[in-house]
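Starting off with a structure, shown below.
The values are calculated or read from the model by the stated rules, or taken from the named source; none is laboratory data. Please read these numbers as outputs of a predicted model, since none were measured by experiment. FYI the Cβ positions are ideal-geometry reconstructions off the backbone, even for glycines, and counts take in every protein chain you see. Surface accessibility is based on the protein's heavy atoms, side chains included, excluding ligands, DNA and RNA. Shrake-Rupley method; radii C 1.70, N 1.55, O 1.52, S 1.80 Å.
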Amino acid sequence: MSISDKVLKNDEKAIFKLRELYSKYGYSRYKVSKFEEYDLYAGNKSFLISENILTFTDTDGKLMALKPDVTLSIIKNLGDSAKGTHKLYYNENVYRTSAASDGFREIMQTGLECIGELDIYAVCEVIMLARKSLGVISENNILDISHMGFLMGLMENVGIEGKDADFLLDCIGHKNIPAIKAFCAERGVSESDTEDMCAVTALYAPLSEALASIRDIVKGEKMRAAYDELCAVASLIENFGETESIRLDFSTVNDMNYYNGIIFKGFVNGIPDGILSGGRYDSLMQKMGKHTGAIGFAVYLDLLDRLETGKSRYDVDTVLLYDDESDIRLVAELADKLRSEGKTVRTEYKSTKVRYGELVSVTKEGVKTLEAND
Amino acid sequence: MKQMINIALPKGRLGEKAYRVFEEAGYECPSIKEENRKLIFANEEKGIRYFWVKPSDVVIYVERGAADIGIAGKDIILEYSPDIYELADLGMGKCRMAVACKKDFCDDRDRTLRVATKFPNIAKRYYASQSREIDIIKLNGSIEIAPILGLSDVIVDIVETGKTLYENDLEPRETIVDISARLISNKASYKFKNAEISQMCEKIAELVKAL
């Protein structure tokens, strides 16, 4: 069955194309129920995009929640089998508040998770799928890559931890270099270390080029390991022929308690927010008692509303007007003929209120075009 | 085709001063100086478009991508915590966010402190960091009058010289944070118009340094 582009909205089109993409890579669809026990979220609130959760009491008195997130449910349900890898994707409605609106909203979300023993190829595959997911939505897209291990190493090297690290991470996330300088001066961080930190914050360039430019500031085991992983990813990605639109940007940050490795965020031109977000969340797995690696991402399809649709100015291509004296068979025949030509046709009795491209009347005298807009 | 950069400027003295920096950096737009009621001014040749908005709205325009770049006070950024890039400190519009009260006010930690302010989020965060229970009174202007009339014990507000405070028998007690104007950018714009925005930031940061 082929469906005309005209009738599908941006998000609907994206859903089908993304499903096709993920299936091609052998990911299987994972369906979860709408409700989940509230307890699952209570302990991991800061993993969620918004901490507000829509709850209700089930008939047995249990506190339940309408899913604000799918990843936690998937992790919970997967057994702790160390063998093999789970490659899954989902397409679910989730319920959460967004910064833009005060109330709860139903949000269509698609995502992908790769859980199990992960090697560099598996990580790269997920990054490439993120890149391709963006391509499905718009050709003009950018995927920013960052590494939580690198940032944690950077801060550990100068002895910044705890609340100070959260503050600094926030400054890096806002590319707020004046604040970083002030903070480092206050904490007695050496000038060269401060400069390194500012260089990392300001960095924004294609992956390989950016990595080459920070080679000299890599220090310590943690930072070195992260840097090597990024380099390995960069060289694999180059083999895939994708370089220009994948950038290194350490201002892509996320919660250190959940994310520990490569993280990424995707943008498409025309949407002011990141539309795709993901990364390696082994730390979350540990927290939930699963001893294996995991990487995944989510695509926020609700944001696609903002994208230009190229939607027609008209509700229908043709309106067919008829009255009591018209030959009804002729109306039906003509309508079917136009539809088979790919037009949308609406039949109306005597008058119409919709916006049309063409207005045709069928009277006892015959068929007459009353109005044709371009 | 050159990509247009949209810049949201805060109405008022700060915005005018900030525009002069942009002008000096080579992003002039002569039509902005004409006396009329236009709201948007463009210089197609330079690929730049300015518009004036209410100072507290600048962060909203930038966060939602209607403006790529904006000039906003640190007070507004702290109050709304928008998801944006804070690219430079313009070093202008300097003042501080402070707690002020009547000269004879004696704080009693035994009582809930009544705080009148235009910046409820900043006030809440500040007192939460001190584990202090407060009663927030959100006002939209003439904050100084609140302690005088007994509406609140203290106010959290911007203090520039402190003149208004002293003339009303008030005094600043604690500084919460220093404030100045910042150059902010929408995160997605920063990616898609990176060359233009980075170049602009560099030029402006250089000029500001020399000020």
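Checking B:D153 against (1) touching a helix residue (DSSP H, G or I) at 6+ places or on another chain (Cβ under 9 Å); (2) closer than 30 Å to B:Q199 by Cβ; (3) not aliphatic (A, V, I, L, M), only one condition comes out false. Which one?
(2)
Considering B:I176, B:I184, which residue is outside any loop (DSSP other than H, G, I, E, B), closer than 25 Å to B:L207 by Cα and under 19 Å from the mean Cα position of the chain (by Cα)?
B:I184
Take the conditions outside the structural domain of A:G274 (by TED's automatic domain parsing), over 30 Å from A:S4 (Cβ atoms) and not small (G, A, S) and apply them to A:K24. Does it pass?
Criteria not met by A:K24.
Further question: Could you check, for region B:106-114, whether at least one of its residues is buried (at least 16 other Cβ atoms within 10 Å of the Cβ) and either closer than 30 Å to B:N194 by Cα or of a type outside the set (K, R) (or both)?
Looking through region B:106-114, at least one residue is buried (at least 16 other Cβ atoms within 10 Å of the Cβ) and either closer than 30 Å to B:N194 by Cα or of a type outside the set (K, R) (or both).
For region A:191-202, check the following and say yes or no: at least one residue is within 11 Å of chain B (Cβ to nearest Cβ) and under 24 Å from the mean Cα position of the chain (by Cα).
Yes, some residue in region A:191-202 is within 11 Å of chain B (Cβ to nearest Cβ) and under 24 Å from the mean Cα position of the chain (by Cα).
Right, here's the next one. Tally the residues that are charged (D, E, K, R) and open to solvent by 100 Å² or more (accessible area, probe 1.4 Å), restricting the search to region A:1-32.
6
For residues that are among the β-branched types (V, I, T) and outside any loop (DSSP other than H, G, I, E, B), scanning just region B:59-96, find the one that is most open to solvent (accessible area, probe 1.4 Å).
Among them, the one singled out is B:I60.
Kindly provide the set of residues from region A:259-274 that are more than 12 Å from chain B (Cβ to nearest Cβ) and surrounded by fewer than 21 Cβ atoms within 10 Å (Cβ to Cβ), ordered by number.
The answer is none; no residue qualifies.
Is it the case that A:S208 is away from chain B (no Cβ under 14 Å), part of a helix (DSSP H, G or I) and free of Cβ contacts under 8 Å to residues at least 40 places away in the same chain?
When the stated conditions are applied, A:S208 passes them.
Can you tell me which residue within region A:164-188, out of those that are among the charged types (D, E, K, R) and within 10 Å of chain B (Cβ to nearest Cβ), is farthest from A:D144 (Cα to Cα)?
A:K181
Quick check on B:V154: is it away from chain A (no Cβ under 14 Å) and not aromatic (F, W, Y)?
yes
Quick check, is B:S189 away from every other protein chain (no Cβ under 14 Å), surrounded by 22 or more Cβ atoms within 10 Å (Cβ to Cβ) and not acidic (D, E)?
Here the answer is no, as B:S189 does not meet what is asked.
A further question on this structure: Condition first: surrounded by fewer than 18 Cβ atoms within 10 Å (Cβ to Cβ) and closer than 21 Å to A:V7 by Cβ. Now tell me which residues in region A:328-346 satisfy that.
Matches in region A:328-346: A:D336, A:K337, A:L338, A:R339, A:S340, A:E341, A:G342, A:K343, A:R346.
Hey, among A:N141, A:N93, which residue is buried (at least 20 other Cβ atoms within 10 Å of the Cβ) and under 24 Å from A:E308 (Cα atoms)?
A:N141
Within region A:33-65, take every residue that is surrounded by 12 or more Cβ atoms within 10 Å (Cβ to Cβ) and among the polar types (S, T, N, Q) and give me the one that is modelled with the highest pLDDT.
Ranking the candidates gives A:T55 first.
Filter region A:258-293 down to the residues that are of a type in the set (A, V, I, L, M, F, W, C) and not in a loop (DSSP other than H, G, I, E, B), then identify the one that is farthest from A:L307 (Cα to Cα).
Restricting to residues being of a type in the set (A, V, I, L, M, F, W, C) and not in a loop (DSSP other than H, G, I, E, B), the top hit is A:M285.
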